[in-house]
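Let me begin by presenting the structure, written as structure tokens, before commenting on it.
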Amino acid sequence: MALFFFLIFAFCTGHGLLESSHKVRLVEGPHRCEGRVEVERNGEWGTVCDDGWNMKDVQVVCRELGCGAAKGTPSGNLYKPLADEKQNIFIREVNCSGTEEELSKCDQLEDVYDCSHREDAGAICESEYGRAL
């Protein structure tokens with residue numbers, strides 16, 4: 001019987017079921033659909049390292065934000081001021097297929113040990129209103 005309850009507990013607390021959905025935002029850009037990529041975890045905002053960052057990842061961010069098509073993968077250090085050195089880098093590498101609805105649904109490596117804010121990921125989406133500027 002204990003094994004049965006353990007299996008139910010393990011299933012219910014598995015990846016994605018009780019886990020809160022992460023939020024994503026773009027900061028320091030000219031509008032809400034361009035800037036340095038930040039994700040929220042437990043009420044705290046942190047950055048994403050640009051290791052492996054590509055257009056498929058940006059497509060997912062743009063979709064999640066309702067910002068139209070992905071247009072570019074600039075370095076996040078183009079958006080000033082840079083992230084505060086005390087701000088966490090939550091994700092070292094993201095690997096999206098490009099079809100996910102949220103960045104949190106993509107494969108991610110979270111063991112950040114060799115990334116600094118000079119390597120933060122950036123994103124350019126079509127526009128704030130989902131159409132070309």
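The values are calculated or read from the model by the stated rules, or taken from the named source; none is laboratory data. The model shown is predicted, which means the values in this text are computed figures rather than measured ones. Virtual Cβ from ideal backbone geometry, glycine too; neighbours counted across all protein chains shown.
Observations
- Scan of the stretch 12-31 for residues that are at pLDDT below 95 and within 23 Å of T99 (Cβ to Cβ), ordered by number: G14, H15, G16, L17, E19, S20, S21, H22, K23
- Qualifying positions in the stretch 109-126 - part of a strand (DSSP E or B) and surrounded by fewer than 18 Cβ atoms within 10 Å (Cβ to Cβ): L109
- Some residue of the stretch 50-62 being in contact with a Phe, Trp or Tyr (Cβ under 7 Å, 6 or more places away or on another chain) and either outside any strand (DSSP E or B) or at pLDDT 95 or above (or both): no
Condition check ((1) in contact with a helix residue (DSSP H, G or I) (Cβ under 8 Å, 6 or more places away or on another chain); (2) of a type in the set (S, T, Y); (3) farther than 11 Å from D120 by Cβ) across all residues:
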site	(1), (2), (3)
V27	no, no, no
E34	no, no, yes
M55	no, no, yes
V60	yes, no, yes
G72	yes, no, yes
N77	yes, no, no
R92	no, no, yes
G98	yes, no, yes
S104	no, yes, yes
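- Test: residue in the stretch 68-81 that is out of contact with any strand residue (DSSP E or B) (no Cβ under 8 Å at 6 or more places or on another chain), of a type in the set (D, E, K, R) and assigned to a strand (DSSP E or B): no
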